[in-house]
Structure formats: C-alpha cells, structure tokens
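Notes follow the structure.
The values are calculated or read from the model by the stated rules, or taken from the named source; none is laboratory data. Just so it is clear, the model here is predicted, and its values are computed rather than measured. Note: ideal-geometry Cβ built from the backbone for every residue, glycine included; neighbour counts use all protein chains shown. When the accessible area is computed, the model is the full protein with side chains, heavy atoms only, and any ligands, DNA or RNA have been set aside. Shrake-Rupley method; radii C 1.70, N 1.55, O 1.52, S 1.80 Å.
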Amino acid sequence: MGNVLGALLTAFVSGMAMAVQGSLNSVLGKVTGLWEATLIVHGVGLVVAGVLTVPLGNGSIAKVAGAPWYTWLGGAIGVVIIYAVAKSIPKVGVAPATTAIIVGQVGTACLIDHFGIFGLERLPFQWSHAVGVLLLAVGAWFLLKH
C-alpha cells in the first residue's frame with residue numbers, strides 16, 4: 001500500500017506542476033507567441049533534463065535505437081500539449097482547462113488500459129471508469145459556470 005500511496009502522491013504533485021506550468025506557458029505565449037513559447041519551454045526542458053541526467057540517469061541513451069518507433073512520438077505529442085494548454089488557459093481559465101485536460105487524460109487512459117495499447121498490461125474497462133470520467137466532465141462544466 002505504501003508504494004501505491006507514494007505513486008499517487010507523486011502523480012498529485014505532477015498535477016500541481018502541470019497547472020503551474022500551463023499557467024506559466026500561457027503567460028509566456030502572450031509575450032512571445034504560442035509557437036515561440038512552445039520552443040522555449042522545450043529548449044529549457046532539454047537543458048534541465050540534460051543536466052539532471054548526468055547525476056541521476058541510470059539508463060543508457062545509446063539504447064534508444066532499440067525502442068519501438070512510436071515511442072519517439074512523445075516529443076511531438078509534448079509540442080501539441082504545450083501549445084494546446086497555453087492556448088486554452090487564457091480563454092477558459094486554469095481550473096476548467098486543467099479539468100478538461102484531466103478528462104481527456106483519463107478517458108484516453110481507460111482506452112489504453114482496456115486494449116493494452118503500446119504493449120502495456122491490459123486492464124479491462126469497468127463501467128465505474130465511465131462514471132468517473134463522466135463525473136470529471138460534469139466537474140469541468142461546473143467550473144466553467146460563473
């Protein structure tokens with residue numbers, strides 16, 4: 001149970017960081033332009049990840065050639081994420097945008113789990129999952145109500 005709680009706490013902190021990052025990216029996008037902000041964010045991320053890989057890395061970048069081709073799409077998807085978050089937050093606000101992001105994440109995650117996409121363990125769909133996604137979507141709607 002401790003490992004599960006630790007993983008959930010880590011995910012919670014990640015969610016907090018995403019809300020802050022989306023807000024910062026939105027402000028940066030207003031100053032520099034959305035594509036320029038996306039480039040800056042990824043450039044800074046590259047530098048930080050490069051610096052942290054030296055003391056903390058425990059794998060091998062040389063093994064990347066053995067990774068399935070579709071795993072390389074993560075970087076391109078990251079560009080879409082940064083751009084879309086920075087574009088949506090000024091229009092609807094941080095809370096509704098973040099909730100919509102979570103609805104999209106959880107809905108897609110349910111599909112990935114159910115079909116075991118990308119070689120991940122298959123976790124069959126439960127109707128409680130649909131209810132959870134629906135409740136998240138209702139929550140997003142309530143957050144949009146002023």
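Any idea which residue in the stretch 1-28 is farthest from PRO90 (Cα to Cα), counting only those that are aliphatic (A, V, I, L, M) and open to solvent by 100 Å² or more (accessible area, probe 1.4 Å)?
If we take residues in the stretch 1-28 being aliphatic (A, V, I, L, M) and open to solvent by 100 Å² or more (accessible area, probe 1.4 Å), then MET1 is farthest from PRO90 (Cα to Cα).
Would you check if there is a residue in the stretch 55-63 being surrounded by 10 or more Cβ atoms within 10 Å (Cβ to Cβ) and assigned to a helix (DSSP H, G or I)?
Checked against the condition, which is being surrounded by 10 or more Cβ atoms within 10 Å (Cβ to Cβ) and assigned to a helix (DSSP H, G or I), the stretch 55-63 yields no hits at all.
Say whether the condition of being aliphatic (A, V, I, L, M), open to solvent by 90 Å² or more (accessible area, probe 1.4 Å) and touching a helix residue (DSSP H, G or I) at 6+ places or on another chain (Cβ under 8 Å) is met by at least one residue in the stretch 67-87.
The answer is no; no qualifying residue exists.
Looking at (1) open to solvent by 90 Å² or more (accessible area, probe 1.4 Å); (2) farther than 18 Å from PRO90 by Cα; (3) in a helix (DSSP H, G or I), can you tell me which one VAL31 breaks?
Result: VAL31 passes all but (2).
Any idea how many residues of the stretch 34-44 are loosely packed, with under 13 Cβ neighbours inside 10 Å and within 15 Å of GLY78 (Cβ to Cβ)?
So the count comes out to 2.
Could we say that THR10 is part of a helix (DSSP H, G or I) and without any contact (Cβ under 8 Å) to a residue 40 or more places away in the chain here?
Taking the combined requirement at face value, the residue satisfies it.
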